[in-house]
1. Might you let me know whether region 136-155 holds any residue that is over 20 Å from the mean Cα position of the chain (by Cα), more than 20 Å from residue 51 (Cα to Cα), exposed (fewer than 14 other Cβ atoms within 10 Å of the Cβ) and touching a residue at least 24 places away in the same chain (Cβ under 8 Å)?
2. Considering region 32-55 alone, what residues qualify as being within 19 Å of residue 126 (Cα to Cα) and part of a helix (DSSP H, G or I)?
3. Of all the helices (runs of 4 or more DSSP H) wholly in region 209-289, which have at least 2 residues that are at pLDDT below 80 and either surrounded by 13 or more Cβ atoms within 10 Å (Cβ to Cβ) or under 14 Å from the mean Cα position of the chain (by Cα) (or both)?
4. In region 92-109, is there at least one residue being touching a strand residue (DSSP E or B) at 6+ places or on another chain (Cβ under 6 Å), crowded, with 20+ Cβ neighbours inside 10 Å and either without any contact (Cβ under 8 Å) to a residue 40 or more places away in the chain or not in a helix (DSSP H, G or I) (or both)?
5. Can you spot a residue in region 140-153 that is farther than 19 Å from residue 201 by Cα and assigned to a helix (DSSP H, G or I)?
6. Given (1) in a helix (DSSP H, G or I); (2) at pLDDT below 95; (3) touching a helix residue (DSSP H, G or I) at 6+ places or on another chain (Cβ under 6 Å), identify the lone condition not met by residue 18.
């Protein structure tokens, strides 16, 4: 599937209606986005494709100075060139987020070069859908997801957070998943555990840094039709386009809510907590089918 910021207008009407009813959507006004990011330094990880690329282009178009981070050198430089051609400002920093030494160096180099970072958007992610009986000889599935989805972002923020706290200014946006709010789903053990780990880390850290006026937003993103989701057949499940998902990221930068999640997620969380046994049995039956 394409990971370009396609419009939702090209989808069937029934799917557009279903996604609007099920999932959060928000497109900030151009003036509001410009006030929020113009002249500010915005670091976005995972910007070579998908949500990260679309978000970076919108933030740069609004006047933000966008720092692009991804592993793919050629794709990253192409995104930077596109943003520059559109009149924006972007700097490419090819980095493997699983290399903790490189990530720490990245954070220090960015602070040395730009002085500070106003917004960090943790978008880079790795998804694996595989049952446990196919994972006995694939321990690397778990190390890869934990490095990309948890340890890499933590290493980066440990480097840049002191500057934010000292300046009494900064915002962190985490692209999480709605799966964190639901009963653990079969076949998603590696992905779900790694995303949950960073979700807990960020919410715990948020309570400590709030006094220094550093804020956080967790986006519990529903299904988005991107290159990352393409290996699993989600064609019959309504989801967001990359354009709609990147609008949520921009909304998070502007409004700075604590979280953005599907409207029905509190009920699911309450049911999961109160009826844990029933939730587990429901997932067991789902997997057997």
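1. Within region 136-155 (the criterion being over 20 Å from the mean Cα position of the chain (by Cα), more than 20 Å from residue 51 (Cα to Cα), exposed (fewer than 14 other Cβ atoms within 10 Å of the Cβ) and touching a residue at least 24 places away in the same chain (Cβ under 8 Å)), the answer is no, since none of the residues qualifies.
2. The first filter runs over region 32-55 and keeps only residues within 19 Å of residue 126 (Cα to Cα), leaving 43-55.
Matches in region 32-55: 50, 51, 52, 53, 54, 55.
3. Values: elements: 242-255, 265-274, 276-288.
Of the helices (runs of 4 or more DSSP H) lying wholly inside region 209-289, those with at least 2 residues that are at pLDDT below 80 and either surrounded by 13 or more Cβ atoms within 10 Å (Cβ to Cβ) or under 14 Å from the mean Cα position of the chain (by Cα) (or both) span 265-274, 276-288.
4. Yes: one or more hits.
5. Initial filter on region 140-153 (farther than 19 Å from residue 201 by Cα): 140-141.
Going one step further and asking which of them are assigned to a helix (DSSP H, G or I), we end up with 140-141.
Scanning region 140-153, I find at least one residue that is farther than 19 Å from residue 201 by Cα and assigned to a helix (DSSP H, G or I), so the answer is yes.
6. Result: residue 18 fails condition (3) only.
The values are calculated or read from the model by the stated rules, or taken from the named source; none is laboratory data. Small disclaimer: the values here were computed from a predicted structure and weren't measured. Glycine gets a Cβ as well: all are built from the backbone with ideal geometry, and neighbour counts include every protein chain shown.
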